[in-house]
Amino acid sequence: MNAPVFYYDFSSPYAYLAACRIDELLGDGLQWRPIAFGVIVKRTGKVPWSFAADRTADLEAIEQRAAMRGLPPIRYPDGWPAQTYSLTPLRAAVLAEDQGLLRELSGELFRIQFAEGRPLGDEDVVIDAAERVGMDPERARAGLGSPEVKERLRAATDAALARGVTGVPTVAVGERLFWGDDRLEEAAALRQ
């Protein structure tokens with residue numbers, strides 16, 4: 001069976017919750033794959049729960065899961081989600097993967113977005129995070145606008161769509177897709 005793949009975007013608090021425990025559940029060989037959920041939304045016409053008029057139930061569920069798992073209280077950046085969506089952290093993640101720092105940078109970016117409540121559209125915030133996990137800040141800044149990095153993110157997003165991914169977080173185990181933080185145990189059971 002192919003290695004499982006964790007598809008995520010930094011805009012999703014459910015992806016944040018999943019990222020905090022997915023390595024424990026799916027272990028060795030798990031591939032982390034940042035994708036542009038905003039592109040998926042546009043291409044599929046899907047309306048995310050976070051854009052619903054009443055999102056109280058989801059916000060409460062996220063808060064409860066964070067507390068249950070010992071995570072800091074969730075803090076959303078002002079204007080989240082529509083005014084805070086950015087490709088900048090996703091491009092930084094592509095660069096981090098090249099240096100073997102994808103998990104580290106992803107964890108730091110999720111923490112900034114949902115524990116500190118700071119938006120990731122500010123390039124300086126992303127570069128500071130990259131530097132904290134061991135990336136060269138100048139190389140990271142230069143790479144964010146690189147056509148190659150943009151293309152790699154585009155290709156990863158296109159491949160996820162082709163595979164049937166329509167939401168984040170999604171875990172692929174073989175041909176099966178498991179969408180949502182609440183389905184990680186199911187994905188892990190299939191892998192055993």
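Read-outs throughout are calculated quantities, based only on the coordinates presented, and are distinct from any laboratory measurement. Just so you know, these numbers come straight off a predicted model, no measurement behind them. Here the Cβ is made from the backbone with ideal geometry for all residues, glycine too, and neighbour counts use every protein chain on show.
Among residues other than L177 with Cβ under 12 Å from its Cβ, the summed charge is +1 (Lys and Arg +1, Asp and Glu -1).
So in the chain, what percent of DSSP beta bridges are antiparallel if you round to the nearest 5?
Numbers: 7 of 11 bridges.
So the antiparallel bridges amount to about 65 percent of the total.
Sorting R132, R91 from the fewest to the most surrounding beta carbons within 10 angstrom yields R132, R91.
Other residues whose C-beta falls under 12 angstrom from the C-beta of R163 contribute a net charge of 0, scoring Lys and Arg +1 and Asp and Glu -1. Listed peptides 163-170, 81-88, 62-69 appear in the order 163-170, 81-88, 62-69 once ranked by packing, highest mean of other Cβ atoms within 10 Å at the front. Electrostatic bookkeeping for L105 treats Lys and Arg as +1 and Asp and Glu as -1; over the other residues with beta carbon under 12 Å from its beta carbon, the sum is -2.
Per DSSP H run of n ≥ 4, the term is -39500 (n - 2.57); total these for the chain, divide by its residue number, and report the mean residue ellipticity at 222 nm rounded to 500 deg cm²/dmol.
Values: 10 runs with 100 residues, N = 192.
Using -39500 (n - 2.57) per qualifying helix, the result is -15500 deg cm²/dmol.
Can you give me the C-alpha center-to-center distance between the stretch 35-92 and the stretch 17-31, rounded to a whole angstrom? Taking the Cα centre of each part, the stretch 35-92 and the stretch 17-31 sit 19 Å apart.
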